[in-house]
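Have a look at the structure below, then the notes.
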Amino acid sequence: MNNKAMKDSEIRKSAISNSYWGFTLLEVIIVVFILSLLAAIVAPRIIGRTDDARIAEAKVQIRNFETALKLFKMDNGFYPDTQQGLEALVAKPTTGTIPKNYREGGYLEQKKIPLDPWVNPYIYISPGLHGDFDILSYGADGKEGGEGKDADIKNWDIQ
């Protein structure tokens with residue numbers, strides 16, 4: 001290759017590498033527009049799902065309590081009463097009917113009773129009005145009754 005051909009080749013390489021050095025203002029504006037359009041479409045769908053996720057979490061926790069209560073009854077022959085509450089699943093009761101075969105370590109993996117997803121305690125009644133025991137969360141409003149996200153979540157109503 002002669003000198004002229006080498007210089008032309010170097011000039012072309014230099015021009016190519018300089019042309020891809022950065023983004024133009026127009027390209028940046030287009031990318032920002034596309035991202036904001038996606039955010040406008042996706043964000044409302046994600047935000048609207050937090051209530052559904054909390055309701056699902058409360059149902060799962062109530063089912064976990066039911067399973068633990070059934071294990072408690074298998075070991076001891078009775079369910080904890082209302083006074084003993086769900087705490088009987090993590091610590092051996094010292095009042096009421098004292099369980100004779102209480103499982104060491106309790107009946108829940110966590111060593112405490114979790115609050116519902118709205119940071120309220122679960123309600124436990126035993127004997128229950130709808131079965132051997134009733135477990136419920138008052139939902140987002142923390143009050144009995146309600147509809148939609150404020151509706152009570154009850155163990156006897158969960159499908």
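So, counting K/R as plus one and D/E as minus one, what does the shell of residues with Cβ under 11 Å around residue 138 add up to? Could the numbers behind the result be given before it?
Numbers: positive: 143, 154; negative: 116, 141, 144, 150, 152.
Taking every Cβ under 11 Å from that of residue 138, the sum is -3.
Cβ under 14 Å from residue 74's Cβ, residue 74 left aside: what net charge do those residues give with Lys, Arg +1 and Asp, Glu -1? Don't skip to the answer; put the middle values down first.
On the way: positive: 70, 73, 100, 103; negative: 66, 75, 132.
With Lys, Arg at +1 and Asp, Glu at -1, the net is +1.
Describe numerically, in nm with one decimal, the distance between label points set 7 Å from Cα along Cα→Cβ at residue 157 and at residue 97.
My value for the distance between the label points is 2.9 nm.
How are the alpha carbon pair distances in the stretch 68-159 distributed across 10 Å bins from zero to the largest one, expressed in percent?
Spelled out per bin, shortest first, that is 17, 45, 29, 8, 0.
Bear in mind these aren't lab numbers, they're just calculated from the coordinates by the rules spelled out. Worth saying up front: this structure is predicted, and the values here are computed from it rather than measured. With ideal geometry, Cβ positions are generated from the backbone for all residues, glycine too; neighbour counts draw on all protein chains shown.
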